[in-house]
Amino acid sequence: MLKIHDFARLGEVSTTTLRYYDEIGLLIPASVDPQTGYRFYTINQLSHLHRILALKELGLGLAQITQILHEEVSPEELQGMLRLKQAELQQRIRAEQEQLTRLEARLNYFEQGGSMPTYEVVLKAVKPLTAISQPFSRADLAHKGHSATVSALRVASCRGNGKYLASWQPSDDTQGSASARGLDGNQCIHHRRTPTRRLPPLGR
């Protein structure tokens, strides 16, 4: 029988770790002295400890390891756990690689004599939204048969005769905002359409 300190030294873990494994039922001592409460382990339990540590190195949580060691998980379920952990690690690696790329770009900027920027560009995830884009010319907009989305634009202030990219974002059934930008880089208008109200016919 090995005292907890000796067993911890052989397994290269702390006694605190062994006590915690005992509390959660992951690695229970072979015996406990009823008088002193000292924990004792056998040399055969060392392989059980090594299996725990090996599963931890794969990134599995202690609750998952407990299920696996208690044979509450089928081989298919274990494979699913490992696939999920693989996907998590791959996503983490991609995120860290993107961070490394941004870091290297910033270092390269400073090495080429760049100064501290006055503003920063931050990429953020947004909720999905529905959008419609339509390339058009000023002549297209003059056509009365165009949809309400395009006809809502006022392009009188747009410069040039090139093509433009229009967008319309409704806020409710009666109003919304429309914008246009020249595909050649010309700045166009941003127009907000106000609500309209129908008047009753005369004589009623």
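Where a number appears in this text, it was derived from the coordinates with a stated rule and is not lab data. Given the structure is predicted, the values throughout are model-derived calculations rather than measurements. Neighbour counts are summed over all protein chains in view; Cβ atoms, including those assigned to glycine, are modelled from backbone coordinates with ideal geometry.
Under the simplified labelling scheme, the GLU96-GLN67 pair shows an inter-label distance of 2.6 nm, with each label point 7 Å from Cα along Cα→Cβ. Given R0 = 35 Å, the distance between the Cβ atoms of LEU89 and TYR109 translates into a calculated FRET efficiency of 0.70.
Residue-normalised convex hull volume from the C-alpha trace of region 2-73: 86 Å³ per residue. Approximating the spin labels as points 7 Å out from Cα along Cα→Cβ, the THR15-to-LEU82 distance works out to 3.7 nm.
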